[in-house]
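Each reported figure results from applying straightforward, stated rules to the coordinates on display, with no laboratory input. Predicted model, so just to flag it, every value in this text is computed and none were measured. Cβ: placed from backbone, ideal geometry, glycine included. Neighbour counts: every protein chain shown.
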Amino acid sequence: MRSVVLKARGLKKYYYSGENVTKALDGIDLDVCYGEFAAIVGTSGSGKSTLLHMLGGLDSPTEGTVRVGEKELNGMNDEELAVFRRRSIGFVFQQYNLVQTLNVRENIILPVLLDGGTIDEDYCREIVTLLKIDEKLEQFPGQLSGGQQQRVAIARALAGKPSIVLADEPTGNLDSKTSQDVMAFLKAGNQRFQQTMVMITHNPEIAQMADRIIRIEDGRIKTGAAGREEAGTISGKEAQAHVSGEK
Ligand SMILES: Nc1ncnc2c1ncn2[C@@H]1O[C@H](COP(=O)(O)OP(=O)(O)O)[C@@H](O)[C@H]1O
Ligand SMILES: [Mg+2]
């Protein structure tokens, strides 16, 4: 029986503008199991990015709860959330969010350094070689193509071996060969480190590589909400190791 590590209940995110309300998320119940690789699919504007942000504690819901391991995100202040994110989650954002004044190498190791962690040099070399950015390490984001910046963002997300990887169309700007290489590597990390992965993708071939496909429409889950019958509650020790990033 696999235990639940990401648990969302009654998640709503409403945006108000004058008389109008946009229901970006409109009642999401979702369980993701420890070590699971879940793909999120759905049309543009269906709420995928909003959901990913909520799961990673980047934004707070209008209603509902998110639990990661044994930690309830709703109860945390900004500082606690920032520490939690750095320790437990590797994000790959749609807009990359690279620091323009830092070079590629510095961008990649930044989250680990901010958290006072140590860099696994061999592992980082493996990542940048696979992502074919090993010759770009001294360059700045502004000198790179979109696809190259995307690969830097992926390297940054993986460098700290986070227990959870949340990725928003991580291969959206890559050619198909590079996409396949990146996906194979993400999948290997998922198996090698028991990384839990939630990935938004428009690419059906990539979605097929996941353990489960979650389909979102109009802020609601259409299919793939949970294997709740097989999902137990995570044990205290396991949750702690998972959330603190210990292996
Ligand atoms: N900060 C925001 N302010 C207002 N509306 C937003 C904001 N962020 C997202 N939305 C709206 O919420 C809906 C879902 O957006 P999003 O989660 O980005 O969709 P997706 O990632 O599936 O394309 C869209 O209608 C979008 O316009
Ligand atoms: Mg999006």
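Some notes on this structure:
- Whole-number D in µm² s⁻¹ for region 61-142, Kirkwood Cα-pair radius fed into Stokes-Einstein, 37 °C, 0.692 mPa s: 221
- Electrostatic bookkeeping for E63 treats Lys and Arg as +1 and Asp and Glu as -1; over the other residues with beta carbon under 9 Å from its beta carbon, the sum is +2.
- Simple spin-label estimate for S17 and T118 in nanometres, 7 Å along Cα-Cβ: 5.0
- With a threshold of 32 Å on the Cα-Cα distance, the over-threshold entries among K71/K177; K13/K71; K7/K132 are K71/K177; K7/K132.
- Distances between placed amide hydrogens fall under 5 Å for R2 paired with G232, all partners being 5 or more residues away or on another chain.
- Net charge, P141 excluded, C-beta distance under 13 Å - Lys, Arg +1, Asp, Glu -1: +2
- Spin-label model distance (nm) - T65 vs E205, 7 Å beyond Cα toward Cβ: 4.2
- Its relative contact order, with pairs defined as Cα atoms under 8 Å and 6+ residues apart, puts region 82-139 at 40 percent.
- For the chain, the percent of C-alpha pairs falling in each 10 Å distance bin, counted from 0 to the bin holding the largest distance, reads 7, 32, 37, 20, 3, 0.
- Relative contact order (%) - region 1-158, alpha-carbon pairs under 8 angstrom, separation at least six: 20
- DSSP assigns beta bridges within the chain; of those with both partners inside it, close to 50 percent run antiparallel.
- Here the mean projected area of the convex hull built on the C-alpha positions of region 32-95 is 5.2 nm².
- Taking other residues whose beta carbon is less than 14 angstrom from the beta carbon of G116, and scoring Lys, Arg as +1 and Asp, Glu as -1, yields +1.
- Taking every DSSP helix (H) stretch of at least 4 residues in the chain, weighting each as -39,500 (n - 2.57) and dividing the sum by the residue count yields a mean residue ellipticity at 222 nm of -10000 deg cm²/dmol.
- Amide H to amide H, with H built 1.01 Å from N, K222 comes under 5 Å of R215, I216, E217, counting only residues 5 or more places away or on other chains.
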